[in-house]
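Peer 1: Mind having a look at this structure? Questions to follow.
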Amino acid sequence: MSKKAVSYKELGLVNTREMFKKAMAGQYAVPAYNFNNMEQLQAIITACTQTNSPVILQVSKGARQYANQTLLTYMAQGAVQYMKEMGGNIPIALHLDHGDSFELCVSCIETGFSSVMIDGSSLPYEENVALTKKVVEYAHKYDVTVEGELGVLAGIEDEVQSEHSHYTDPNDVEDFVKRTGVDSLAISIGTSHGAYKFKLKPGETVPPLRFDILKECERRLPGFPIVLHGASSVLQEYIQMINKYGGKMENAVGVPVEQLRDATKSAVCKINIDSDGRLVMTAMIRKVFVDKPAEFDPRKYLGPARDELVKMYKDKNEKVLGSAGKA
Ligand code: G3H
Ligand code: 13P
Ligand code: ZN
């Protein structure tokens, strides 16, 4: 660590170890909500404090560049204080989402992250093992937890549907976890990132996720925390609002909530949600712009967006992830 480094413990944050242990025992999943700006962060903290849910504040490489790494450190520290001011006492982790290099993980650890993901899933297996192990060895010196990934989720840029993702091979998971020392593992069972997860023909419904792969991973890694990425439900009420107020999002489909609920009853301890937050913000801002075209005070459109985000996150914690009341 460099002399100027900030430890997450000084910021009042925690790593994910204890959170996952409790989630595994209690059969629920800890929400990992992505954020890029103050309103999203306020909404996440408010919702999780009001529902007494543990929370993982998740920051991608792009979000870190967007928000500024120094500002982010203190936003996370501020989030802990804000939560206490609201009378809460929930564990909060600050996690790097989809870290793509050892250097980025080190930089995040030095600026107060309590958990990092090193995503070597697109690398050949042995390279993924080597990179992940290197990050784990560094991170564990500072009691920072590490998420690895095996199997590749389809990306929206590929214009592919989830059937084309490379599912995790359960034959690899034991070896990977043992050799890398990771604290949790993201697996690919049919979800994908973004708002267009499945390409459905008229009348078709979303196919079930590959719970057989999840079960087999669980059998090979008893009691080990599994992570589900690409878990937004792409809430249709907000898609309809976006389209009603001038947007154009056709055929946007996500993971049905029933399937997410089923996933929480397994070894899935962390569920990643970004797109649903983006949809809520976009829908609400579009509505204000149409309803009040003369409005130009950002608080007047970001405020309603933030309020709606709080509702959506509370709903997730209470009705989907089962994390409400578990802090
Ligand atoms: O998994 C990807 C997350 O939704 C973050 O997306 O890289 O656009 O910030 P981003
Ligand atoms: P969604 O795009 O489904 O919200 O997934 C987010 C995610 O997996 C972040 O890592
Ligand atoms: Zn992801």
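Peer 1: Condition first: open to solvent by less than 10 Å² (accessible area, probe 1.4 Å) and in contact with a Leu (Cβ under 6 Å, 6 or more places away or on another chain). Can you find one or more residues in segment 279-302 that meet it?
Peer 2: Checking segment 279-302: at least one residue is open to solvent by less than 10 Å² (accessible area, probe 1.4 Å) and in contact with a Leu (Cβ under 6 Å, 6 or more places away or on another chain).
Peer 1: Any residue that is closer than 26 Å to H140 by Cβ and without any contact (Cβ under 8 Å) to a residue 60 or more places away in the chain - is there at least one of those in segment 28-47?
Peer 2: No, every residue in segment 28-47 fails to be closer than 26 Å to H140 by Cβ and without any contact (Cβ under 8 Å) to a residue 60 or more places away in the chain.
Peer 1: Out of segment 268-297, which residues are of a type in the set (A, V, I, L, M) and either within 16 Å of ligand 1 (Cβ to nearest atom) or part of a helix (DSSP H, G or I) (or both)?
Peer 2: I271, I273, L279, V280, M281, A283, M284, I285, V288, V290
Peer 1: Given the criterion touching an Asp or Glu at 6+ places or on another chain (Cβ under 9 Å) and either over 20 Å from T282 (Cα atoms) or not charged (D, E, K, R) (or both), identify the matching residue among A47, A29. Before the answer, list the steps.
Peer 2: Values: A29 fails: touching an Asp or Glu at 6+ places or on another chain (Cβ under 9 Å).
Only one candidate qualifies: A47.
Peer 1: What residue, among those in segment 144-176 that are of a type in the set (D, E) and open to solvent by 20 Å² or more (accessible area, probe 1.4 Å), is modelled with the lowest pLDDT?
Peer 2: Selected residue: E157.
Peer 1: Can you name the residue in segment 69-119 that is of a type in the set (S, T, Y) and open to solvent by less than 10 Å² (accessible area, probe 1.4 Å) and is also nearest to the chain's Cα centre (by Cα) among such residues?
Peer 2: If we take residues in segment 69-119 being of a type in the set (S, T, Y) and open to solvent by less than 10 Å² (accessible area, probe 1.4 Å), then S115 is nearest to the chain's Cα centre (by Cα).
Peer 1: Do the conditions hold for I56, that is, is it away from ligand 3 (no atom under 16 Å from the Cβ) and open to solvent by less than 10 Å² (accessible area, probe 1.4 Å)?
Peer 2: For I56, the condition - away from ligand 3 (no atom under 16 Å from the Cβ) and open to solvent by less than 10 Å² (accessible area, probe 1.4 Å) - is not met.
Peer 1: While we're here: Among the residues that make up segment 2-13, is at least one of them more than 16 Å from ligand 3 (Cβ to nearest atom), part of a helix (DSSP H, G or I) and crowded, with 24+ Cβ neighbours inside 10 Å? Before you say what the answer is, go through the steps one by one.
Peer 2: So the first thing to find is which residues in segment 2-13 are more than 16 Å from ligand 3 (Cβ to nearest atom), and the list is 2-13.
Among the residues that remain, those that are also part of a helix (DSSP H, G or I) are: 8-11.
Checking which are crowded, with 24+ Cβ neighbours inside 10 Å leaves us with 8.
Yes - at least one qualifying residue is present in segment 2-13.
Peer 1: Could you list, in sequence order, all residues of segment 261-273 that are crowded, with 24+ Cβ neighbours inside 10 Å and within 16 Å of ligand 2 (Cβ to nearest atom)? If you could, list the steps in order and put the result at the bottom.
Peer 2: Pass one, segment 261-273, residues crowded, with 24+ Cβ neighbours inside 10 Å: 267-273.
Within segment 261-273, V268, C269, K270, I271, N272, I273 meet the criteria.
Peer 1: Let me ask something else. Report, by residue number, each residue of segment 182-211 that is under 15 Å from G151 (Cα atoms) and open to solvent by 60 Å² or more (accessible area, probe 1.4 Å).
Peer 2: Matches in segment 182-211: H193, R210.
Peer 1: Can I ask one more? Got at least one residue in segment 188-204 being at pLDDT 95 or above, more than 29 Å from M281 (Cα to Cα) and either away from ligand 1 (no atom under 16 Å from the Cβ) or of a type outside the set (F, W, Y) (or both)?
Peer 2: Scanning segment 188-204, I find no residue that is at pLDDT 95 or above, more than 29 Å from M281 (Cα to Cα) and either away from ligand 1 (no atom under 16 Å from the Cβ) or of a type outside the set (F, W, Y) (or both), so the answer is no.
Peer 1: Could you check, for segment 98-107, whether at least one of its residues is touching a residue at least 40 places away in the same chain (Cβ under 8 Å), closer than 14 Å to N52 by Cα and touching a helix residue (DSSP H, G or I) at 6+ places or on another chain (Cβ under 9 Å)?
Peer 2: No, that holds for no residue.
The values are calculated or read from the model by the stated rules, or taken from the named source; none is laboratory data. It should be emphasised that the depicted structure is a prediction, and the values quoted were computed from it without experimental measurement. We place every Cβ from the backbone using ideal geometry, glycine too, and count neighbours over all the protein chains shown. Areas reflect the complete protein model, heavy atoms only, side chains present, ligands, DNA and RNA absent. Shrake-Rupley method; radii C 1.70, N 1.55, O 1.52, S 1.80 Å.
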